[in-house]
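Derivation of every value follows stated rules applied to the coordinates shown; laboratory data play no part. Since this is a predicted model, take the numbers as computed values, not measurements. Cβ sites come from the backbone with ideal geometry, for glycine too, and all protein chains shown count toward neighbours.
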Amino acid sequence: MSVAGELALFPLSTVLFPGGPLRLRIFEPRYLDMVRHCLKESRAFGVLLILEGEEAGEAVSVAESGTSARVVDFDTLPDGLLGIDCIGEQRFRVLKRWQQGDGLNVAQVDYLPDDPPCALPAELAHLGELLREVLPQLGERYAHVVAQYEDAGWVGNRWAEVLALTPAEKQQLLELADPLARLRQVAAWSTRQPPTEDV
C-alpha cells in the first residue's frame, strides 16, 4: 500500500532508480540547506527528471514521478564544494508541488510500491551474469550498492542505469510498475545497434 508524504525535490537531468547510486556536487544554498536537513533528520529527498530547463537555476518542467534518495556518504571536493553519495530508495508520484521562499521545490508525494522479489527468468539469466562482470569495472560508483544479481527488478534497474539510453527512455523504464516488463524492455533496447555517424 502506498503512503503519501512531503519531500524536498532535487530536479536533475538524470533518472535515479531504486537501489542505484547517485553522486552529486552541491553548491546552491537551497540544496546545501536541504542536504543539511536530510542528514540531521535522517530524511530522504526526491529526484525528478528535468524535462525542460537547467539543473543550476530553474527547472521549467519536470517529470511527475521520480525516486527518493538517501545520503549515505559525503566529503569536501578538491574545489571546496560538498560532494554527496546517495542511494535511490522508493519510487513516488507527485501529487502537488510548490516552491519555498529559498527556491527549494517541495512536493506532496504518493510513494509507489517496491518491486516484489522476482527471480530472473531463465531466458534473461545472462543479464544477471553479465552484470556481475560490468559493475566491478565501474569503480567506486557502486561501492554503496547492495548486490542482488538474482532479482529481476534489481538487475533491470542496474542495466537501465548503465546502458546508453536517453533520459526519456530511462524515465519510461522507471514508470513501469512490473519489474519483469522493465527487465524485458531493457533487454530489447540492449540489442540496438549504436547509430552510425555520417563521415
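Here are some notes:
- Taking the C-alpha atoms only, the angle from helix 125-134 to the longest principal axis of the chain is near 60 degrees.
- Value of Rg to Rh for region 11-81, rounded to two decimals, is 0.95; Kirkwood radius and Rg both from alpha-carbon coordinates.
- As a proxy for reagent exposure, Glu133, Glu175, Glu161 were ordered by neighbouring Cβ count within 10 angstrom, fewest first; the result is Glu133, Glu175, Glu161.
- Projected over every direction and averaged, the convex hull enclosing the alpha-carbon atoms of the chain yields 13.1 nm².
- Exposure proxy ranking for Val146, Val186, Val134, Val162, based on other Cβ atoms within 10 angstrom of each Cβ and starting from the fewest, stands as Val146, Val134, Val162, Val186.
- Peptides 5-11, 163-169, 81-87, 63-69 ranked from most to least packed by the mean count of surrounding Cβ atoms within 10 Å: 63-69, 5-11, 81-87, 163-169.
- Taking the C-alpha atoms only, the angle from helix 29-41 to the longest principal axis of the chain is near 80 degrees.
- Under the convention that each Lys and Arg Cβ holds +1 and each Asp and Glu Cβ holds -1, the size of the dipole of the chain around its Cα centre is about 320 debye.
- For Asp79, Asp33, the sequence from fewest to most other C-beta atoms within 10 Å is Asp79, Asp33.
- Seen through its C-alpha gyration tensor, with square-root eigenvalues sorted a ≥ b ≥ c, region 122-190 comes out oblate because a/c lies at 1.5 or above while a/b is not bigger than b/c.
- Distance between the C-alpha centres of region 110-174 and region 19-45: 24 Å, rounded to the whole angstrom.
- Cβ-based charge dipole, the chain, positive-most Cα from Ile87, Leu22, Leu112: Leu112
- Global geometry of region 77-143, whether rounded, prolate or oblate, following the gyration tensor of its Cα atoms and the 1.5 cut on a/c: oblate
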